Amino acid sequence: MPAPRYRSRSLRRVFVRTPSGKSVLHYRKRKPSKAQCGNCGALLKGVPRERPFKMQNMPKTHKRPERPYGGVLCSKCTRIKIKAMARQ
């Protein structure tokens, strides 16, 4: 039976191979949900699915796409918004 703090399913179970060849169970925190478009709700491409402590060590260009509204809107919605702004 695992220790009470590990019984929750909020931690994921990972089997890790030790140098002795034994397989042991490690408990790791789950990854956050995928980033979604603020307009249509589609999953954003180019945005990693990592925990905040890993994201803060990443360079800015790895955290979101290098375009207007990158990491906020999907490319389809971005195109529509830029065209609409150009018409005004």
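Do we find a residue being surrounded by 10 or more Cβ atoms within 10 Å (Cβ to Cβ), in contact (Cβ under 8 Å) with a residue 12 or more places away in the chain and touching a Gly at 6+ places or on another chain (Cβ under 8 Å) anywhere in the stretch 15-28? Spell out how you get there, then give the answer.
Just the residues of the stretch 15-28 that are surrounded by 10 or more Cβ atoms within 10 Å (Cβ to Cβ), to begin with: 16, 24-28.
Adding the requirement that they be in contact (Cβ under 8 Å) with a residue 12 or more places away in the chain leaves 25-28.
Checking which are touching a Gly at 6+ places or on another chain (Cβ under 8 Å) leaves us with none.
Within the stretch 15-28, not a single residue is surrounded by 10 or more Cβ atoms within 10 Å (Cβ to Cβ), in contact (Cβ under 8 Å) with a residue 12 or more places away in the chain and touching a Gly at 6+ places or on another chain (Cβ under 8 Å).
Tally the residues that are exposed (fewer than 10 other Cβ atoms within 10 Å of the Cβ) and closer than 30 Å to residue 74 by Cα, restricting the search to the stretch 1-14. Steps first, answer last, please.
So the first thing to find is which residues in the stretch 1-14 are exposed (fewer than 10 other Cβ atoms within 10 Å of the Cβ), and the list is 1, 3-5, 8-10.
Those left that are additionally closer than 30 Å to residue 74 by Cα: 10.
Qualifying residue count for the region: 1.
What about residue 67, is it outside the structural domain of residue 11 (by TED's automatic domain parsing), at pLDDT below 95, more than 15 Å from the chain's Cα centre (by Cα) and not aliphatic (A, V, I, L, M)? It would help to see each step written out before you state the result.
Numbers: outside the structural domain of residue 11 (by TED's automatic domain parsing): yes; at pLDDT below 95: yes; more than 15 Å from the chain's Cα centre (by Cα): yes; not aliphatic (A, V, I, L, M): yes.
In short, yes.
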Within the stretch 50-77, which residues are small (Gly, Ala, Ser) and over 16 Å from residue 33 (Cα atoms)? 70, 75
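Restricting attention to the stretch 46-88, which residues are over 30 Å from residue 29 (Cα atoms), surrounded by fewer than 11 Cβ atoms within 10 Å (Cβ to Cβ) and of a type outside the set (Gly, Ala, Ser)? Outline the logic, then answer.
Going through the stretch 46-88, the residues over 30 Å from residue 29 (Cα atoms) turn out to be 67-68, 75-88.
Now narrow it down to the ones that are surrounded by fewer than 11 Cβ atoms within 10 Å (Cβ to Cβ): 83-88.
83, 85, 87, 88, listed by residue number.
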Search result, residues across the stretch 46-88 that are in contact with a helix residue (DSSP H, G or I) (Cβ under 7 Å, 6 or more places away or on another chain) and assigned to a helix (DSSP H, G or I): 55, 63
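The values are calculated or read from the model by the stated rules, or taken from the named source; none is laboratory data. These numbers were taken from a predicted model, which means no experiment stands behind them. Ideal geometry is used to build each Cβ from the backbone, glycine not excepted, and the neighbour counts take in all protein chains shown.
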